[in-house]
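Just below is one structure, and these are the notes that go with it.
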Amino acid sequence: MTNTRELGAAGKVAAALTLTAVGGFVDAVGYIALFQIFTANMSGNSAHVGISLGDLDFSDLMRPACAIVAFVTGMTLTRIAMTVAARHSVQRIATYTLAVEALLLVLFARATPAMKLGQIVDLHSAVYFSLVALLAFAMGVQTATMTHVGALTVYTTFVTGTLTKFSESLTRALFWSYDQAAQSGRRMSDIVRLAPKQKDVREAAFLAAIWICYLVGAAIGTFSKRRWELRSLYLPVVVLIVFIVVDRFRPIGVQEEKHQQG
């Protein structure tokens, strides 16, 4: 098989930021339409499960539990696919995983459940649980498709871990700045000039950008949902199609495959 040069570092950063915005967009649309069920944030869903258990409300427990199972299943199957791809030197695995995600989003966008005030009316119907599973599975697929940007592990569908890593990188960057001023005697202007070259400063900036992109995606998703309801998900589908085309020329998932083999 002919090796194709993979997407470069700048391209991976751009892809991670854009896919994170997609994750925020989809999570916001799903949260509104599915009545407070996250399709990417499994920490929130796990809390919902715990609350339902504490209230002995087993009927409502099934809604977040469905999302968790679908998300983990989508992520696991995608990891399996990427491992198999790595073993057979398939470079463009992201083409197929992102195509699956796009297809699931289209199916959700084309659904016509009974809705009131932007939310699905029957929260215990087969249609409702199917839609929860569709969206959560799609987010699991996206999560597993791209997790490594350089030495960093980044998840494009939720930001709890991102904020944790941002705090760690920011703390190291602050101590670096202090040490530069105290030990090297550098002026603040020199420290600011050197900062972009410092690893922890760059990582903190990137992680902050990931968080911002998630917020921006959620805001756009909320606005779009108010205007176009479930059809708003056609917008992230277009973005995914762009990345599928990119993957044909500059494979996105090559680095992921290397991690799978390692």
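Every number in this text was worked out from the coordinates using simple rules, so none of it is lab data. Nothing here was measured: the structure is a model prediction, and the numbers come from that model. Please note: Cβ atoms are built from the backbone with ideal geometry, for glycine as well, and neighbour counts cover all protein chains shown.
A few notes on this one:
- With Cα atoms, 0 to 90° folded angle of helix 126-145 axis to the chain main axis: 20 degrees
- Three-way shape call for the stretch 199-238 based on the alpha-carbon gyration tensor, with the a/c threshold at 1.5: prolate
- Relative contact order [Cα under 8 Å, 6+ residues apart], the chain, whole percent: 36 percent
- Every Cα-Cα pair of the stretch 135-261 was included, and the share exceeding 25 Å stands at 42 percent.
- Most mobile listed residue (Thr83, Thr112, Thr73) in the chain, GNM with C-alpha springs under 10 Å: Thr112
- Percentage relative contact order, the stretch 157-225, counting C-alpha pairs under 8 Å, at least six apart: 47 percent
- Residue exposure proxy: Glu168, Glu203, Glu101, ordered by other Cβ atoms within 10 angstrom of their Cβ from fewest to most, comes out as Glu168, Glu203, Glu101.
- Loop-located trypsin sites (Lys or Arg not before Pro) in the stretch 1-105 (DSSP state other than H, G, I, E, B) with a sparse environment of at most 10 neighbouring Cβ atoms within 10 Å: Arg5.
- Relative to the longest principal axis of the Cα atoms of the chain, helix 58-87 runs at roughly 50 degrees.
- If the Kirkwood radius is taken over C-alpha pairs of the stretch 18-65, then at 37 °C and 0.692 mPa s the Stokes-Einstein diffusion coefficient equals 294 µm²/s.
- Going from the fewest other Cβ atoms within 10 Å to the most, the residues Arg248, Arg186 appear in the order Arg248, Arg186.
- Between Ser43 and Ser189, the distance separating the two model label sites (each 7 Å from Cα on the Cα→Cβ line) works out to 4.1 nm.
- Here the stretch 130-149 is scanned for amide nitrogen atoms under 19 Å from the site 7 Å beyond the Cα of Val84 along Cα-to-Cβ, giving 137-138, 140-146.
- Gaussian network model of the chain, Cα within-10 Å springs - most flexible of Ala182, Ala204, Ala33: Ala182
- Label point 7 Å beyond Cα of Leu77 along Cβ direction - residues of the stretch 115-135 with amide nitrogen under 15 Å: 130-135
- Sorted ascending by nearby beta carbons within 10 Å, beginning with the fewest, Ile68, Ile210 become Ile68, Ile210.
- 18 Å Cα cut-off, lysine pairs counted over the chain (separation 8 or more, or different chains): 4
- Cα centre as origin, Lys/Arg/Asp/Glu Cβ charges: the chain dipole, Debye: 860 debye
- Cα long-axis angle, helix 160-182 against the chain (0 to 90 degrees, to the nearest 10): 10 degrees
- Length, then width, then depth: along the principal axes, the Cα atoms of the chain run 66, 50, 34 Å.
- Within the stretch 64-110, the percentage of alpha carbon pairs spaced more than 14 angstrom apart rounds to 60%.
- Residue among Val49, Val242, Val29 with the largest mean-square fluctuation in a Gaussian network model of the chain, springs linking Cα atoms under 10 Å: Val242
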